[in-house]
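Asker: One structure, pasted below without further comment.
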Amino acid sequence: MDIEAEIRALQLDSAEDNNATLIPEDAKPEEVEMTDKVEEEGMTDEVDTKSQPVQAEPKMKDKEVADMDCAEVPDEMESQKKRHLNVVFIGHVDAGKSTTGGQILFLSGQVDDRTIQKYEKEAKDKSRESWYMAYIMDTNEEERVKGKTVEVGRAQFETETTRFTILDAPGHKSYVPNMISGASQADIGVLVISARKGEFETGYERGGQTREHVQLAKTLGVSKLLVVVNKMDDHTVNWSKERYDEIESKIVPFLRSSGYNVKKDVQFLPISGLVGTNMKTRVDKNICPWWNGPCLFEALDSVEVPVRDPKGSYRMPIIDKFKDMGTVVMGKVESGSICEGDSLLVMPNKAPVKVLAVYCDEDKVRRAGPGENLRVRLSGIEEEDISSGFVLSSVVKPIPTVTEFTAQLQILELLENAIFTAGYKAVLHIHSVVEECEIVELLQQIDPKTKKPMKKKVLFVKNGAVVVCRIQVNSLICVEKFSDFPQLGRFTLRTEGKTIAVGKVTDLPSRSSA
């Protein structure tokens, strides 16, 4: 490191000691300009703006040095000795997803009483007294005014055995693409259902989001579901076992038809998200004498962590990017491990980048493995050269990039009078990619009973059909075959705000670039 860079690092250290943590948003313009200038001169020293003291990091010369250095440093993720799960909250609008998420953060000590009192006053001023818990997850003004989650809320909490990342998905049908983005990052799902008379029926009937969210979650790889029957304390319910059993009896057949093994992968439990009943501790027998099962925290703790491959080829679909002392990308690691100093590729534009810093939750770490939601600071690429749907990938085995692929599709429900045939256009959602696509050719129809291809030539198919087809997109995208990499090979097709098909990538053209 040159003398000038060392002096600047020491100055920053001094500022840290005197003024507490230096936050980029609070920095003066000239300080930001100074930092940018230093980076342009080739200095890769890293200032942790969140939770670590400011310190200069040694510049990595190459991949081998980085690997050797990482091998000598204990893995922060491992040292915590806590397993990690990403939990997405899904369900119809107004079922209580944000309120339940906010209550979890309050009960686990992530939010203090003073903050809750502030939100209570804010909600009361808006004549929305019952919304105050949702304000913890719904942070922007538009969401608070409308009472609807728009973006995927993100937060963390811990139990004695597990670190959880909460993903609060929007329930309104206008924001299903955002819900897909949240569910694609999740390991398990919490399906929130309102027990209030009329609300369950509205959410579950055709046009409600309960059904679509379940189907999307299954397609996006959420294999375990906790079904929480919320608002059990409502005056129309009063912790009624009959109402709870009615809801369970209607939901179970649909979960089964969506591909869930109800006995093995689904668990039901009653709660009140607003007041926190049966969440951190089991519900009192005086309130609900018939419930003998676990509370929500116990149920979450009992979910098995999915199998992950820390030594696989690195794959991190990018869901967002921003500028902060360099280019920062966000996403969930689907495979492999990342270490400060690594050389990687941003695909599909094959841009070589260097990892300057890795952040897990709010903490800076030296290494992180699969399943973690990360922010990664990169050098070698500008923010405007990255889009959502790009993938941070290993250099040795980059992710394939294509404009066309073969897939097996299950048609769910086409728009009225629509025919699914060659030339059909829709919007493709695959991991964090959202891209317009066209069905180029129907190759064969699959018999749903025998699961074997039918002999007759297929020209068009209707609702419920399973078909193999070729799909073409306008731009180069990153995908994997489902058989090789399920997380990056499953997708949905949507048109006019409605999910019309789910599918999996079965084959890639041999000329696909990497």
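Asker: Filter region 81-117 down to residues that are among the charged types (D, E, K, R) and at pLDDT 75 or above, then give me how many there are.
Answerer: 4
Asker: Also, I was wondering about something else. Assess whether residue 352 counts as being open to solvent by 10 Å² or more (accessible area, probe 1.4 Å), not aliphatic (A, V, I, L, M) and not assigned by the TED database to the domain that holds residue 156.
Answerer: yes
Asker: Of the residues that make up region 207-215, is at least one closer than 16 Å to residue 101 by Cβ and modelled with pLDDT under 95?
Answerer: Taking every residue of region 207-215 in turn, at least one turns out to be closer than 16 Å to residue 101 by Cβ and modelled with pLDDT under 95.
Each row is one residue, and each column tells you yes or no for (1) assigned by the TED database to the domain that holds residue 493; (2) at pLDDT below 90; (3) open to solvent by less than 50 Å² (accessible area, probe 1.4 Å).
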| residue | (1), (2), (3) |
| --- | --- |
| 415 | yes, yes, yes |
| 419 | yes, yes, no |
| 423 | yes, no, yes |
| 434 | yes, no, no |
| 437 | yes, no, yes |
| 441 | yes, no, no |
| 444 | yes, no, no |
| 455 | yes, yes, no |
| 461 | yes, no, yes |
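Asker: Let me ask something else about it. Out of all the residues in region 465-483, which are open to solvent by 40 Å² or more (accessible area, probe 1.4 Å) and over 21 Å from the mean Cα position of the chain (by Cα)? Talk me through it step by step, then tell me what you get.
Answerer: Going through region 465-483, the residues open to solvent by 40 Å² or more (accessible area, probe 1.4 Å) turn out to be 470, 472, 474-476, 481-483.
Residues satisfying the conditions are 470, 472, 474, 475, 476, 483.
Asker: Now a separate question. Of all the strands (runs of 3 or more DSSP E) wholly in region 220-336, which have at least 3 residues that are closer than 30 Å to residue 348 by Cα?
Answerer: In region 220-336, the matching strands (runs of 3 or more DSSP E) lie at 315-323, 327-332.
Asker: If you don't mind, there's one more thing I want to ask. Pairs needed: first member in region 468-479, farther than 27 Å from residue 454 by Cβ; second member anywhere, buried (at least 18 other Cβ atoms within 10 Å of the Cβ) and among the aromatic types (Phe, Trp, Tyr); C-beta distance under 8 Å; at least 6 residues apart or different chains.
Answerer: Cβ pairs passing all conditions: 478/390.
Asker: Quick check on residue 302: is it open to solvent by 10 Å² or more (accessible area, probe 1.4 Å), at pLDDT below 95 and of a type in the set (S, T, N, Q)? Break it down into steps so the answer makes sense when it comes.
Answerer: Working: open to solvent by 10 Å² or more (accessible area, probe 1.4 Å): yes; at pLDDT below 95: yes; of a type in the set (S, T, N, Q): yes.
So residue 302 passes the test.
Asker: Oh, and also: Taking region 468-514 only, how many residues are in a loop (DSSP other than H, G, I, E, B) and among the aliphatic types (A, V, I, L, M)?
Answerer: 3
Asker: Could you please let me know if residue 333 is open to solvent by less than 20 Å² (accessible area, probe 1.4 Å), within 17 Å of the chain's Cα centre (by Cα) and under 29 Å from residue 191 (Cα atoms)?
Answerer: It is true that residue 333 is open to solvent by less than 20 Å² (accessible area, probe 1.4 Å), within 17 Å of the chain's Cα centre (by Cα) and under 29 Å from residue 191 (Cα atoms).
Asker: Same structure again: Among the candidates 379, 388, 393, single out the residue that is within 26 Å of residue 363 (Cα to Cα), open to solvent by 30 Å² or more (accessible area, probe 1.4 Å), small (Gly, Ala, Ser) and within 24 Å of the chain's Cα centre (by Cα). Steps first, please.
Answerer: Values: 379 fails: within 24 Å of the chain's Cα centre (by Cα); 393 fails: open to solvent by 30 Å² or more (accessible area, probe 1.4 Å).
Unique residue meeting the criteria: 388.
Asker: Please specify each residue of region 144-167 satisfying the condition of being within 19 Å of residue 374 (Cβ to Cβ) and either of a type in the set (D, E, K, R) or at pLDDT 80 or above (or both).
Answerer: Of everything in region 144-167, those that are within 19 Å of residue 374 (Cβ to Cβ) and either of a type in the set (D, E, K, R) or at pLDDT 80 or above (or both) turn out to be 151, 154, 155, 156, 157, 158, 162, 163, 164, 165, 166, 167.
Asker: While we're here: Counting only residues that are surrounded by 22 or more Cβ atoms within 10 Å (Cβ to Cβ) and polar (S, T, N, Q), which one in region 268-284 is farthest from residue 294 (Cα to Cα)?
Answerer: Checked region 268-284; the qualifying residue farthest from residue 294 (Cα to Cα) is 272.
Asker: Okay, next question. If residue 500 passes every condition in (1) buried (at least 19 other Cβ atoms within 10 Å of the Cβ); (2) modelled with pLDDT of 95 or more; (3) closer than 29 Å to residue 187 by Cβ but one, which one does it miss?
Answerer: (2)
Asker: Of all residues in region 164-198, which are in contact (Cβ under 8 Å) with a residue 60 or more places away in the chain, open to solvent by 10 Å² or more (accessible area, probe 1.4 Å) and over 13 Å from the mean Cα position of the chain (by Cα)?
Answerer: 172, 173, 174 - these are the residues of region 164-198 that are in contact (Cβ under 8 Å) with a residue 60 or more places away in the chain, open to solvent by 10 Å² or more (accessible area, probe 1.4 Å) and over 13 Å from the mean Cα position of the chain (by Cα).
The values are calculated or read from the model by the stated rules, or taken from the named source; none is laboratory data. Keep in mind that this is a model prediction, so the values were computed, not measured. Counting neighbours? That spans all protein chains shown, and the Cβs are built from the backbone with ideal geometry, glycine included. Areas reflect the complete protein model, heavy atoms only, side chains present, ligands, DNA and RNA absent. Shrake-Rupley method; radii C 1.70, N 1.55, O 1.52, S 1.80 Å.
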